[in-house]
Every structure is written in C-alpha cells, then in structure tokens.
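Below you'll find the structure, written out as structure tokens, and then a few comments.
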Amino acid sequence: MKRVALLFLLAGFFIPLASAQDHFQAGVYADYLHFSQTSSNLAGLGARVGFKAFPHVILEGEMSYDFAQAFTEGFTDTTSGSLSFQQTNMRVLHGLFGPKVEGGHGRLRPFVTVKGGFTNFRLDARPPSLDTLVSSVENLRANNVSGVLYPGVGVEGHLGPVGLRLDVGDEIYFNGGTRHNFRLAFGPFLRF
C-alpha cells in the first residue's frame, strides 16, 4: 500500500511539471546486451517514455525484454568434430528509470543518462512470445530480481516530431558483487 501511495505522490508531482513543459517522448528500440558472466550476447525489444521536467532534462522510464538466444558449441572426439546449436533458454527483463541530460538545441543532440532499476534473469523453455513476456512481468517478484545502475551516453537526431536514438552504456547489476555488462539500444521515437 505504501508503494501505491508513493507512486501517486510522485505522479502528482511530475505530471504538472510535464504538462507545463508540453514535451513528451515515446519510442521503441532494439536492445543488445553482452552478458559478461557467461559471455552471452542477448537481443530483444523495448519501449521507453519520457517527459521534459526541466530545460535539457528528460525523466525517462523504459522496459525491454531480451529473448532466448542460440549459442554454438563445438567438440572434437577421436573420429570427428561436430557443431551443434542450443537454446540458452535465458531471458532478461530490464526496467530502468532516471534522468537524461541533453546537450545542444539543434536537430542532433548528445546526451548522458544515469538510470536505476531492476533486471530479472530467468530460464524459460517456452518459445519467446507475448505470453512469456506477460508472465515474466506478472511473476517478477517471485523470481531472480537484481538492482541495476545504468550510466550511459548517446546521441539522438530528429526531423520534426520523428527521431532516431542510439545509446550505449554499462548495465551494472548487483548480485553477489558488481557485474558490468555492455548494453546498446537503437530505435525511433516521437516527440509531442
């Protein structure tokens, strides 16, 4: 109940700021994560929304879902070598929130960001689909959730209300120590 009250309090504070600025952003993106512990490369899709709270500062929230990826494994025995493909069955759900500080006023704007949130690693043998995403979100608290800090940099360009954005950073999660993971996201957004 306290979390719901805090959510309403924050929404009551930030919504007037957003409407006074009359500047929102919403977009989708392709997400790439290099998981350093197993040297796995994961890719998925995500969405983000943000609003201008102050000049050059946009508060953003985003969520992405990285699908299970295939990896190759080779072995050699006394007669021949073989190459096989296996599904990792590992899925990653990320949720981040924080400020993005933009530089410049033109059509091409560099930015820096620092976001906090969560990452959820899970093993799921079911095929990746909308149903597995929904069940991942519904069962979030019952599974392996770790805190995340995401410092990143990027650039975005726009023509009118439509733009493209590229950002890279270090998705640091905390689970039995600090784990650094390279993350790249690229995709379109709308400004309104």
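Please verify whether Gly177 is open to solvent by less than 70 Å² (accessible area, probe 1.4 Å) and either more than 15 Å from Gln37 (Cα to Cα) or modelled with pLDDT of 95 or more (or both), treating the condition exactly as stated. Walk me through it before giving the result.
On the way: open to solvent by less than 70 Å² (accessible area, probe 1.4 Å): yes; either more than 15 Å from Gln37 (Cα to Cα) or modelled with pLDDT of 95 or more (or both): no.
The answer is no for Gly177.
Within region 123-136, does at least one residue satisfy the condition of being more than 26 Å from Phe54 (Cα to Cα), modelled with pLDDT under 90 and in a strand (DSSP E or B)? First the steps, then the outcome.
So the first thing to find is which residues in region 123-136 are more than 26 Å from Phe54 (Cα to Cα), and the list is 123-136.
Right, trim to modelled with pLDDT under 90 and you get 123-136.
From what is left, the residues that are in a strand (DSSP E or B) are 123.
So far as region 123-136 goes, yes, one or more of its residues are more than 26 Å from Phe54 (Cα to Cα), modelled with pLDDT under 90 and in a strand (DSSP E or B).
Could you tell me which of the residues Lys2, Lys52 is over 20 Å from Asp170 (Cα atoms) and either surrounded by fewer than 15 Cβ atoms within 10 Å (Cβ to Cβ) or modelled with pLDDT under 55 (or both)?
On the way: Lys52 fails: either surrounded by fewer than 15 Cβ atoms within 10 Å (Cβ to Cβ) or modelled with pLDDT under 55 (or both).
Exactly one residue qualifies, and that residue is Lys2.
Does region 58-71 contain any residue that is open to solvent by 50 Å² or more (accessible area, probe 1.4 Å) and at pLDDT 90 or above?
yes
Under the condition of being in contact (Cβ under 8 Å) with a residue 60 or more places away in the chain and among the aliphatic types (A, V, I, L, M), which residue from region 156-192 is nearest to His105 (Cα to Cα)?
Here the residue is Leu190.
The values are calculated or read from the model by the stated rules, or taken from the named source; none is laboratory data. Everything quoted here is computed from the prediction, not taken from an experiment. Neighbour counts run over all protein chains shown; Cβ positions are idealised from the backbone, glycine included. Heavy atoms of the whole protein, side chains included, go into the accessibility calculation; ligands, DNA and RNA do not. Shrake-Rupley method; radii C 1.70, N 1.55, O 1.52, S 1.80 Å.
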